[in-house]
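Worksheet for the structure shown next.
Nothing in this text is a laboratory measurement; each read-out follows from the coordinates by a stated rule. As the structure is a prediction and not an experimental result, all values here were calculated from the model. Note that we place each Cβ from the backbone using ideal geometry, even for glycine, and neighbour counts take in every protein chain shown.
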Amino acid sequence: MDIVQNLHTIRNPLPEEVTLVAVSKTRPVAMVEALYNAGQIDFGENKVQELLEKQPQLPGQIRWHMIGHLQSNKVKYIAPFIHLIHGVDSLKLLKVINKEAQKNNRIIDCLLQVHIASEETKFGLSEQELTEILISGEWKEMEFVNVRGLMGMATFTEDSMVVGREFRNLKRIFEYVRSDHLKEKSDFTILSMGMSADYMTAVEEGSTMIRVGSLIFGLRQSP
Ligand SMILES: *Cc1c(COP(=O)(O)O)cnc(C)c1O
């Protein structure tokens, strides 16, 4: 299988405003390097440990995205280099990121994860919890984090009507947050939604960032 060909097949038809994050979890660094040499610079990992193993072996120009659930006590390891943290789901985590970013004298971009799927297991804030965080305004005082947008995962189902409805709901929340809470903020622009199975639906519904793994690299071995 030609992963570079797969990359181009997915990336070339994307609208200009949509960023493709190649999800390289469980894949060897040689594959990441092959895609990097083909012009891909955004890569996503969901485990801190794996990210820390790969990052030093690969070019410094790569933009690493933390797409998985992040524990507060692990923020310090990725704070020196992480490009975007997708899965922020509490004010407490945001505060820790702010502290660790300050230690590294950099601003870390974050997305707040919203729970849009019907499954219980997926992480993320309810719309109510999201609103509470936004209203509290504490995040605005944080000098070293920049909340750039929202992230969400749809229900794992073949039913594209369900998936479309969930993405539409996230897009609605995104627009509402922008107009109600962030009138003065112009860089709240990232809506991270869509994976291999549903990225086309996500793009139709207004995604600006898709996270695609198996469609580029092939199926992952399940653990
Ligand atoms: C693994 C993962 C992806 C990519 O999944 P594929 O189905 O392989 O495209 C996207 N987002 C998150 C949060 C993931 O953990």
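Here are the numbers:
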{"quantity": "Rounded to whole Hz, the Karplus (6.51, -1.76, 1.60) HN-Hα couplings of region 187-204, x for glycine and proline", "calculated": "9, 8, 10, 9, 10, 8, 8, x, 10, 3, 6, 9, 5, 5, 4, 4, 5, 4"}
{"quantity": "Residue exposure sequence - Trp64, Trp139 - by fewest surrounding Cβ within 10 Å", "calculated": "Trp139, Trp64"}
{"quantity": "Karplus-derived 3J(HN,Hα), 6.51/-1.76/1.60, for each residue of region 67-81, Hz, glycine and proline x", "calculated": "9, x, 5, 10, 8, 3, 6, 9, 4, 4, 6, 9, 4, x, 9"}
{"quantity": "Percent of beta bridges antiparallel (DSSP, region 84-223, rounded to nearest 5)", "calculated": "0 percent"}
{"quantity": "Karplus-derived 3J(HN,Hα), 6.51/-1.76/1.60, for each residue of region 163-173, Hz, glycine and proline x", "calculated": "4, x, 5, 5, 5, 4, 5, 5, 4, 4, 4"}
{"quantity": "P(r), alpha carbons of region 105-223 - 10 Å bins starting at zero, rounded %", "calculated": "13, 43, 31, 12, 1"}
{"quantity": "Förster-model FRET efficiency, 25 Å R0, Asp2 and Phe156, C-beta, rounded to 0.05", "calculated": "0.35"}
{"quantity": "Rg(Cα)/(2.2 N^0.38 Å) for region 17-142, N = residue count", "calculated": "1.11"}
{"quantity": "Principal axes of region 73-155: Cα extent on each, largest first, Å", "calculated": "39, 25, 20"}
{"quantity": "Most mobile listed residue (Lys171, Lys54, Lys140) in the chain, GNM with C-alpha springs under 10 Å", "calculated": "Lys140"}
{"quantity": "Residue pairs, from the table Lys54/Lys171; Lys47/Lys95; Lys103/Lys171, whose Cα atoms sit over 30 Å apart", "calculated": "Lys54/Lys171; Lys103/Lys171"}
{"quantity": "Gaussian network model of the chain, Cα within-10 Å springs - most flexible of Leu150, Leu51, Leu112", "calculated": "Leu51"}
{"quantity": "Long-range amide H partners of Gly213 with built H, under 5 Å", "calculated": "Val23, Ser196"}
{"quantity": "Residue among Met161, Met200, Met142 with the largest mean-square fluctuation in a Gaussian network model of the chain, springs linking Cα atoms under 10 Å", "calculated": "Met161"}
{"quantity": "Built amide H within the under 5 Å cut-off of Met153, gap 5+", "calculated": "Ile116, Ala117"}
{"quantity": "Built amide H within the under 5 Å cut-off of Leu125, gap 5+", "calculated": "Gln113, Val114, His115"}
{"quantity": "The chain: Cα Rg divided by the 2.2 N^0.38 Å rule of thumb", "calculated": "0.98"}
